[in-house]
2 protein chains.
Amino acid sequence: MSQEIKRIKRELVQKGSIIDLYKDHIQLPDGQVKKWDFVKHKGAAAVVAVTQEGKLLMVRQYRNALDRYTLELPAGGRDTPEEPTIECAARELEEETGFRSEHLEHLISLRTTVAFCDELIDVYVADRLIPSQQKLDEGEYIHVEEYDLDELCQMIFDKKIQDSKTVSGILAYKLKCAMEK
Amino acid sequence: MSQEIKRIKRELVQKGSIIDLYKDHIQLPDGQVKKWDFVKHKGAAAVVAVTQEGKLLMVRQYRNALDRYTLELPAGGRDTPEEPTIECAARELEEETGFRSEHLEHLISLRTTVAFCDELIDVYVADRLIPSQQKLDEGEYIHVEEYDLDELCQMIFDKKIQDSKTVSGILAYKLKCAMEK
């Protein structure tokens, strides 16, 4: 079945600031050749950061692509496509929230939008948080907030949280907690 | 706080087959102007399709962006950015699985990758499925499979399912079922 659709050429269209756009030339089983979009991303990591009181650290920030503020898990892109995502997760947790952790455990792996992009986001759970210092990137303006897990789950069903890594990470953590009880 | 980051120009770089790439000129609070990527998408819908036996209909297909097969919820893009996502969901369910439903209920709304893209995916739950006929788009080769909900949840923790709309939709449905018990 993998022989049915065949990529015969990948052509760089534009190098962007965090993604690159390619035009893929795809041969269909009937012999026709179509042009499909492909967006290359270096990958990222996100963190479900649990405080001693069992609350989750969330970040609120302005998102240009949606033209509004979003509430998300702490997260960020890898420095290079080779960086282990656990190192990326540890760094982004500290930079965005001002807390670090030496206890990060893999929760789930995500592909954000498989129809046109290879972006990978590995989601970790971090606990035993240690106060440190926020170190925001240029152009990053982030507000850190604490929430109960059940409150966040309700916000997902109320459409107040829509970011896919955040929805997936919170629901996976909720189910994991329920399974361990 | 919304005054801190200001978009002063949006410039079309490339029209693609399913997305368009823009370069946004962003003014930071310190006055610097940066160029950020923006990918425009027309929006999509996905369906948690529940059979009479309580199993979920899943679709397996080759994804060029990942260069491998994925197991996903039935889903697809809107015909136009104005199409109500519930109509899109009903159409994609029938086209991809060969089953239709007159009972679709909104579950969650997702933004797949907020750092650079406006893609929206509304996820619906469909039951009381009625046998119809698969009508695949050109270039679509889809295999329909049935799974238990708990098996799918385990596949998420085993990294066998990574697609973000699928992870989010399955976990949200699992939590909803647990809450209604």
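The values are calculated or read from the model by the stated rules, or taken from the named source; none is laboratory data. None of these values were measured; they are calculated from a predicted model. Neighbour counts run over all protein chains shown; Cβ positions are idealised from the backbone, glycine included.
Being loosely packed, with under 15 Cβ neighbours inside 10 Å, touching a helix residue (DSSP H, G or I) at 6+ places or on another chain (Cβ under 9 Å) and within 11 Å of chain A (Cβ to nearest Cβ) is a description that applies to B:Asp150.
Considering B:Tyr62, B:Tyr69, the condition of being among the aromatic types (Phe, Trp, Tyr), in contact (Cβ under 8 Å) with a residue 24 or more places away in the chain and over 27 Å from A:Arg60 (Cα atoms) is satisfied by B:Tyr62 alone. In the range B:107-118, the residues that are without any contact (Cβ under 8 Å) to a residue 24 or more places away in the chain and farther than 24 Å from B:Arg7 by Cα reach residues that are surrounded by 24 or more Cβ atoms within 10 Å (Cβ to Cβ) and not charged (D, E, K, R) with C-beta atoms within less than 8 angstrom, at least six apart or across chains, in these pairs: B:Ser109/B:Ile121; B:Ser109/B:Val123. Elements of the type strands (runs of 3 or more DSSP E) sitting completely within the range B:23-94 and holding at least 1 residues that are at pLDDT below 95 and surrounded by 15 or more Cβ atoms within 10 Å (Cβ to Cβ): these cover B:56-63.
Considering the range A:95-113, the residues that are part of a loop (DSSP other than H, G, I, E, B) and either under 11 Å from the mean Cα position of the chain (by Cα) or within 12 Å of another protein chain (Cβ to nearest Cβ) (or both) include one that is nearest to A:Gly43 (Cα to Cα), namely A:Thr112. With the condition kept exactly as written, say whether any residue in the range B:118-129 is outside any strand (DSSP E or B) and crowded, with 22+ Cβ neighbours inside 10 Å. Looking through the range B:118-129, at least one residue is outside any strand (DSSP E or B) and crowded, with 22+ Cβ neighbours inside 10 Å.
When you look at A:Ile142, is it β-branched (Val, Ile, Thr) and out of contact with any helix residue (DSSP H, G or I) (no Cβ under 8 Å at 6 or more places or on another chain), yes or no? When the stated conditions are applied, A:Ile142 does not pass them.
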